[in-house]
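One structure is given below, encoded as structure tokens.
The values are calculated or read from the model by the stated rules, or taken from the named source; none is laboratory data. Just so you know, these numbers come straight off a predicted model, no measurement behind them. Using ideal geometry, Cβ is built from the backbone for each residue, glycine included, and neighbour counts are taken over all protein chains shown.
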Amino acid sequence: MPLRFLEFFAGGGMARAGLGEAWRCVFANDNDAKKRASYAANWGHEHLNPSSVADLTMADLPERADLAWASFPCQDLSLAGDYAGLEGERSGTFWPFWRVIKALVKEERAPSLVVLENVCGALTSHRGKDFAAIGAALTRSGYRFGALVMDAVHFLPQSRPRLFILALRKGGNIPDDLTTAQPVPIWHSPALVGAYENLTTRSKAAWLWWKVPEPLPRATVFSDFIEDKPEGVVWHTAAETERLLSLMSPLNRRKVENAKGTGRRMVGGIYKRTRPDGDGGRVQRAEIRFDDIAGCLRTPVGGSSRQSIMIVEGDHIRSRLLSPREAARLMGLPDTYKLPTNYNDAYHLVGDGVAVPVVRHLARNIIEPLIRNTQAMVEPAA
């Protein structure tokens, strides 16, 4: 029997893609029409609600689900959002979402497991008060919880650390192999350990150090995802490539020169950033990396740039924007996934999502075992 889940702030359904065929979506919502169109193109209209989470009623929700997944907007918990935190207009949507969960708790049909996904800035925004507030809300509603910082780089050639908070309804028996007595460095970063220390005594009592196995070594590199004949983008002219090179600091120009000297095809990812110029002002810089890993994909809003690539083959240098399909691959989406035709819409959809294999790793190793164990406890004996 498929496991049932609710997908709040669904975007293009990338959490759904990661959960896989063992799961049945019984509710999804997103109030962004463009994202909803992509969701429907890939998953259909069934159970897709256009309302903001603040406008949902209990009648909108199905009778029961095993999991609620919420990738609530991250802009106010990131640098681009000026760290407004949970008081911000967008990340503040956590509170109306949690009001929905509390109402389900009151009606005794709350999901046994809730997963919250966000940027790692949620650990430190407002000096840790936002994370502590989330922990207090979970605890008051009868959930035990813990968190993991998982970087997509363990699964895909993209640097993308994200925070995952897993909250389980109290009363269930948690298998011993799903928790550990101490934090594990690969999943429990110093920032996460520090955030735990800032929790209330009551929240600490409800805390769990989740145990997730390390994945197998990643077998792909950035260049594996790059096409010579991409769709949706064009190669820069020689003048445009030279302009990009001119924006590089001496350190980054040396990286290009070193790439030329390798004698092989080198693919670098580039982001434009504003840096101090040394004279009290600021200047735009193009910063490149040749470590076989893409920079973290971002939505092209709030001052963030779109990622470009530079291909160096000896003295031959080419550059262009990363294509939407390449960006989708870096998130673990299959080439069959339907993307918007507009470049910015596609890049925004992908950059605002969750890495698919990270979700699958969580689902296989902790989410599904927790829920199956909970189901076994409540099912009558044969």
key: Residues of region 212-257 classified as on the phi > 0 side of the Ramachandran plot and not in a loop (DSSP other than H, G, I, E, B), total   = 0
ask   = Quick one: how many residues across region 169-190 are under 19 Å from Val114 (Cα atoms) and surrounded by fewer than 11 Cβ atoms within 10 Å (Cβ to Cβ)?
value = 1
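If you take the residues in region 101-133 that are hydrophobic (A, V, I, L, M, F, W, C) and assigned to a loop (DSSP other than H, G, I, E, B), which one is farthest from Ala10 (Cα to Cα)?
Among them, the one singled out is Ala110.
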ask   = Conditions: (1) loosely packed, with under 15 Cβ neighbours inside 10 Å; (2) modelled with pLDDT under 95. Arg254 meets all but one. Number of the miss?
value = (2)
query = In region 275-292, what count of residues is obtained for those that are loosely packed, with under 12 Cβ neighbours inside 10 Å and either at pLDDT 95 or above or of a type in the set (S, T, N, Q) (or both)?
reply = 1
message = For region 154-181, which positions are touching a residue at least 60 places away in the same chain (Cβ under 8 Å), out of contact with any strand residue (DSSP E or B) (no Cβ under 8 Å at 6 or more places or on another chain) and not in a loop (DSSP other than H, G, I, E, B)?
response = His154
note = When region 320-377 is checked residue by residue, the ones that are among the polar types (S, T, N, Q), in a helix (DSSP H, G or I) and over 14 Å from Val233 (Cα atoms) are Asn365, Asn373, Thr374, Gln375
